[in-house]
Structures are given as C-alpha cells and as structure tokens.
1. With log10 I(q)/I(0) by the Debye sum over Cα atoms at q = 0.15, 0.17, 0.19 Å⁻¹ defined as stated, name the option among (i) -1.03, -1.18, -1.26; (ii) -0.78, -0.95, -1.12; (iii) -0.80, -1.03, -1.28 computed from the structure displayed.
2. Please go through the residue pairs LYS57/LYS90; LYS57/LYS85; LYS15/LYS99; LYS15/LYS86 and name each one whose alpha carbons sit more than 26 Å apart in this structure.
3. Tell me the mean residue ellipticity at 222 nm calculated for the chain from its helices only (DSSP H runs of n ≥ 4, each -39500 (n - 2.57), averaged over every residue, nearest 500).
4. Starting from the Cα gyration tensor of region 49-127, take the square roots of the eigenvalues, sort them a ≥ b ≥ c, and report rounded, prolate or oblate (rounded when a/c is under 1.5, otherwise prolate if a/b is larger than b/c, else oblate).
5. Of LEU125, LEU83, how do they rank once you tally other Cβ atoms within 10 Å and put the fewest first?
6. Select from GLU130, GLU82, GLU19 the residue whose mean-square fluctuation is largest in a Gaussian network model of the chain (Cα-Cα springs shorter than 10 Å).
7. Against the longest alpha carbon principal axis of the chain, how many degrees, from 0 to 90 and to the nearest 10, is the axis of helix 23-32 turned?
8. Out of residues 5 or more away from LEU127 or on other chains, whose amide H comes under 5 Å of its own, with H placed 1.01 Å from N in the peptide plane?
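A short reminder: the numbers here are calculations on the coordinates, not readings from a lab. Model, not experiment: these values are computed from the prediction. Methodologically, a virtual Cβ is constructed for each residue, glycine included, from the backbone with ideal geometry; neighbour enumeration extends over all protein chains shown.
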Amino acid sequence: MEKKQLNEFETAFCKALAEPDTQPAFFRLLMQQSLFFLQPDKPGLAGSEVTPKAGEKIPFVAFTAPQGQFIPLFTSHQRVEELFKKAPFKEKFCVCEMKGRWLFFELGTRGMDVMINPASDLGELPLPQELVGRISDGRAMLPPEPPEDK
C-alpha cells in the first residue's frame with residue numbers, strides 16, 4: 001500500500017505496529033480521532049445520524065476468531081471496505097463512526113477484546129480487554145515507568 005494513501009492517523013497506526021514503544025502516543029491520538037465500527041443492520045439506520053441516549057448500550061458487532069471474540073474497529077472507512085472485500089458476510093451491517101474517547105468509554109465496560117483494522121493490508125492491532133480498559137481510563141497513554149534500581 002502506498003504511503004500517500006494513508007492519513008496521519010493511519011501513519012501513526014503503522015508506526016505503533018512497527019514500534020511498540022510508540023503505542024502510548026498512538027493511544028492518545030486514538031482518543032482524539034473518529035473510529036469506525038459495525039452494528040447489526042436495522043431498518044432506517046443506514047445513512048442516518050443516531051445519538052445514543054444516556055445509559056443506552058451500543059450494539060457492537062463482534063467477530064469470532066480462533067483466539068476468541070473481538071469487536072472490530074477501523075481507522076478509516078477504507079479499512080472497513082477492505083475487510084468486506086476480503087471476507088464477504090451473509091449478514092448486513094451498518095458502518096458507524098464515533099470519536100475514540102467516547103467509543104473507548106463504552107468499550108471499557110464490555111470486557112471484550114478489540115481488533116483495530118482486522119484483515120487490513122496495513123496490519124491489525126489486537127487490544128486485549130485489559131488494555132481496552134487501560135485505554136478507556138487513560139492509563140495506557142502514560143509513558144512506561146523506568147525499571148527499579150536494585
């Protein structure tokens with residue numbers, strides 16, 4: 001994939017995959033950006049703007065892999081389209097967009113793993129549920145603590 005097709009956010013994503021020590025900076029950026037996710041298709045949902053009501057649970061689509069279930073998130077609409085081209089689904093989904101801060105606030109209560117850009121040519125970043133919780137409460141954005149002197 002050509003670099004010129006990547007936005008700044010996806011460039012940071014690629015760097016976080018290649019250099020794990022840059023992940024805290026990527027997680028900070030993740031909270032500021034809009035991310036894409038899937039919901040089960042409902043009549044009237046496609047093409048509309050929906051604001052969840054306070055306390056309402058977002059019905060995320062979860063996929064099952066050999067490692068278990070995960071909620072797929074995407075850095076761009078192009079990454080969602082990439083998945084659908086590689087893995088045609090019988091089910092219909094709605095593609096939704098939400099700021100990372102609000103999305104991870106919701107995901108932090110789910111106790112599920114997340115996969116950013118599953119099946120993408122850019123690579124995929126698995127986030128175990130513990131890390132999802134640390135992203136949602138901000139702990140994953142802190143620099144690593146230096147090792148203790150003995």
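1. (iii)
2. Flagged as over cut-off: LYS57/LYS85.
3. Mean residue ellipticity, 222 nm, calculated: -9500 deg cm²/dmol.
4. On the way: a/c = 1.63, a/b = 1.38, b/c = 1.18.
The shape class here is prolate.
5. Numbers: LEU125 22, LEU83 19.
Lowest count first: LEU83, LEU125.
6. Fluctuation is largest for GLU19.
7. 40
8. VAL114, MET115, ILE116
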